[in-house]
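The structure under discussion appears below in the form of structure tokens.
The values are calculated or read from the model by the stated rules, or taken from the named source; none is laboratory data. Since the structure is predicted, the reported quantities are computational estimates derived from the model, not experimental observations. No Cβ is skipped: glycine too gets one built from the backbone with ideal geometry, and neighbour counts run over all protein chains shown.
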Amino acid sequence: MVIRHTPRRRPLNKLLLLAAAAASVLSLVGYAGMGLGATEAQRESAAVVQAAIAQRQACHSAVLARPEFAPLLPHLPDPTTGQFGMAQMTNETRPTAAEATLLVDFFDAGGRCFRDYITDVQSVRPDVATILDNEQAAAQSQFQVPLVERQITWAESARRSQRLVSETNAQIAAANQQWLAGNQAELNRRNAVMMQFMQNLQSTYETQMRGMQPIQQPHQTICRPMPNGTMVCN
């Protein structure tokens, strides 16, 4: 079998990480659940991520539901939790030739799920998109290609997948904290600038009011004729 190696920016050809899609976005789910207390920019960003997660999960479910991939399901983690069972973690058999061939098709079918997902995330959180892209590169080198080439067992692939998902979630959680803190700092800075502007405006207004003097209207002389032919002016 010929294994095609692809550049890292290619749409995701995930192996077990595709099946563990729910686990690989746990940190983002928490981020996307922000509500009161978040800035408007944070809420808008979270809404985009939340929609991207939902779209990826729906796409992932459709891939898993395809009948031709049914023989792979016993080897994949729980689609909801992303966790492997004990039997899977101790399955020291290697993929059969038929399973290896099927896995290649499975990766390609999942490519669109990641492509759409990473594009949406990139638009609002390029820092997280970079983390996910690095996860993809690590997945390919650590267990995707070795498993398809039947160099490692299902159990070893599951262990490597689990470690990578945990590392990725930790990186996303740290990135979320940094991003939220940065946005709050920027919001505080803008509020401080606005408050200073309003104070300066008020101070200028009060100074101008104190310097104003009543305006003296010019005296107008009005003359009117009298019956005796004289003019009276005042």
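For the range 175-183, indicate whether the set of residues that are under 19 Å from PRO79 (Cα atoms) and in a helix (DSSP H, G or I) is non-empty. No - not one qualifying residue is present in the range 175-183.
When restricted to residues that are part of a loop (DSSP other than H, G, I, E, B) and either over 15 Å from GLY110 (Cα atoms) or touching a Lys or Arg at 6+ places or on another chain (Cβ under 6 Å) (or both), the range 61-81 contains 4. For the range 136-158, does any single residue satisfy the condition of being under 27 Å from the mean Cα position of the chain (by Cα), among the basic types (Lys, Arg) and under 18 Å from PHE107 (Cβ atoms)? No, the range 136-158 contains no residue that is under 27 Å from the mean Cα position of the chain (by Cα), among the basic types (Lys, Arg) and under 18 Å from PHE107 (Cβ atoms). Within the range 144-164, the set of residues being in a helix (DSSP H, G or I) and closer than 18 Å to GLY85 by Cα comprises TRP154, ALA155, GLU156, SER157, ALA158, ARG159, ARG160, SER161, GLN162, ARG163, LEU164.
If you scan the range 104-147, which residues turn out to be touching a His at 6+ places or on another chain (Cβ under 9 Å) and hydrophobic (A, V, I, L, M, F, W, C)?
Initial filter on the range 104-147 (touching a His at 6+ places or on another chain (Cβ under 9 Å)): 110, 113, 140, 145.
Residues satisfying the conditions are CYS113, VAL145.
Considering the conditions (1) closer than 20 Å to VAL145 by Cα; (2) modelled with pLDDT under 90, GLN88 is excluded by exactly one of them, (2).
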